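Undergrad: Supplied in structure tokens, the structure appears directly below.
Readers should treat all values here as calculations from the given coordinates under stated rules, not as data from a laboratory. Nothing here was measured: the structure is a model prediction, and the numbers come from that model. Glycine also receives a Cβ, built like all others from the backbone with ideal geometry; neighbour counts cover every protein chain displayed.
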């Protein structure tokens, strides 16, 4: 949809964003296959959840989930509703990674988020110099991310993470602090660029006498939407001191408004997954990737509420233009970041053709009535019709309601009439 008003993006910010992306793109590209695992913070750098693994880990230009702040804190500004998200990844030898994320968008202030990740290992055997068993020990890691992100215009957003990490190995433990910075830039309505610099100034840990500092990491990527946003292709280049650069790529396609499929390539192995959306607010995610040690399964659950949204609901959902309930009422509700500029409610037949459109300037009314006729006043045939509301604010942001159905039926009562013969 064409934006209601055009904003000039500051040239300095655009130049900085492009320079950041190019700095990672021109790095020597090496297919780093788990080489970063032994470096400080490798568990955090290599983390992928059920959705991100299906995209091959290429998430820096998408990052539209609370846990997306691990890739790009600027993505928080793209989230329009309050959201809770939990994920769990089962690795090997009773090792697992569990995550929790929350985001709250605001109108005038930056959107804020909080993310927690924990890694817990199984029991490892402890031995002495003679390789004699001395019992077992375990390892645990935790990371806390406090995020703030702000849209400078409808096309560009900046974000930052304040990161705290802690590690425990045997009887040793230590913590450290660091900073992540990210940028999102909407090149067009269908192409978005993203880049981030992670682990600025740390964290640095000292479990014994040797300091271990998380290496600085550069991530840059692009996401392309197609089929009116139902499909996404994402690519990413990550550069980290030591292993070099890693290429990531994947795709996502919503075959239905409630079902999405994903296929990617993660750490030189195939990966995939799916999502199920339930009752417009719940989403269940599953992802898997192959590995020489076996298949890794990932599960996630998220819940959306409040924030900025648009919704519509037909009452009754089944009506008859020739019957007692001859019209249906669409109840409309919306909330946008800035003042609403325009709205529309499209009713679509089974062939995907818009048969009736309501709309206008400003915010949508509380309700509109539909008598089952098209735009020229002709009564439509019986059948099921889809509808959804779209609202655009004065800055060009668009909120889209979920597709729902309404049915027209003019058939009379059905059934057999008994006949009695004396």
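Undergrad: Which parts of segment 184-204 would a label at residue 241 reach, counting a residue when its backbone N lies under 13 Å from a point 7 Å out along Cα-to-Cβ?
TA: From segment 184-204, the list is 198-204.
Undergrad: How long is the gain from residue 350 to residue 329 if the chain were fully straight, where each residue apart is worth 0.36 nm and the alpha carbon distance is subtracted? Please report the intermediate quantities before stating the final value.
TA: Numbers: separation 21, 0.36 × 21 = 7.56 nm, distance 2.07 nm.
The residue 350-residue 329 span can extend by a further 5.5 nm.
Undergrad: May I ask you to order 165-176, 259-270, 145-156 by the average number of other C-beta atoms within 10 Å around their residues, highest value first?
TA: Details: 165-176: 16.0, 259-270: 18.6, 145-156: 20.2.
My ranking of the peptides, most packed first, is 145-156, 259-270, 165-176.
Undergrad: So for 282, 254, fewest C-beta neighbours within 10 Å to most, what's the order? The partial results should precede the final answer.
TA: Numbers: 282 12, 254 16.
Fewest-to-most ranking of 282, 254: 282, 254.
Undergrad: Among 93, 238, 141, 393, which comes first, then next, by fewest other beta-carbon atoms within 10 Å?
TA: On the way: 93 9, 238 27, 141 19, 393 23.
By the 10 Å Cβ count, ascending, the order reads 93, 141, 393, 238.
Undergrad: Suppose the chain between residue 92 and residue 118 were pulled fully straight at 0.36 nm per residue; how much longer would it get relative to their current alpha carbon spacing? List each step's numbers first, then the result.
TA: Working: separation 26, 0.36 × 26 = 9.36 nm, distance 1.53 nm.
Between residue 92 and residue 118, full extension yields an extra 7.8 nm.
Undergrad: With the Cα gyration tensor of segment 309-408 giving a ≥ b ≥ c as the square roots of its eigenvalues, does the rule (a/c under 1.5 for rounded; else a/b larger than b/c for prolate; else oblate) give rounded, prolate or oblate?
TA: Values: a/c = 2.23, a/b = 1.99, b/c = 1.12.
Here segment 309-408 falls in the prolate category.
Undergrad: Efficiency by 1/(1 + (r/R0)^6): what FRET value for residue 371 and residue 305, r their Cβ-Cβ distance, R0 = 30 Å, to the nearest 0.05?
TA: Details: r = 34 Å, r/R0 = 1.13.
Taking R0 as 30 Å, the efficiency between residue 371 and residue 305 is 0.35.
Undergrad: Regarding segment 214-360, what's the average projected area of the Cα-atom convex hull, expressed in nm²? All intermediate terms of the calculation are to be shown ahead of the outcome.
TA: On the way: hull surface 55.2 nm².
Value for segment 214-360: 13.8 nm².
Undergrad: Now for a separate question. Arrange the following residues from fewest to most other Cβ atoms within 10 Å of their Cβ: 247, 158.
TA: Values: 247 17, 158 20.
Ranking 247, 158 by Cβ neighbours within 10 Å, fewest first, gives 247, 158.
Undergrad: Could you work out the relative contact order of segment 309-408? I mean the mean sequence separation of Cα pairs under 8 Å and 6+ apart, divided by the number of residues, in percent.
TA: Working: 240 pairs, mean separation 34.3, N = 100.
It rounds to 34 percent for segment 309-408.
Undergrad: What is the antiparallel percent of DSSP beta bridges lying wholly in segment 309-408, to the nearest 5?
TA: Working: 35 of 37 bridges.
Taking every DSSP beta bridge with both residues in segment 309-408, the antiparallel ones total about 95 percent.
Undergrad: Over the residues of segment 17-305, compute the C-alpha Rg and express it relative to 2.2 N^0.38 Å. Mind showing how you got there, number by number?
TA: Numbers: Rg = 18.8 Å, N = 289, 2.2 N^0.38 = 18.9 Å.
Working it through for segment 17-305, the quotient is 0.99.
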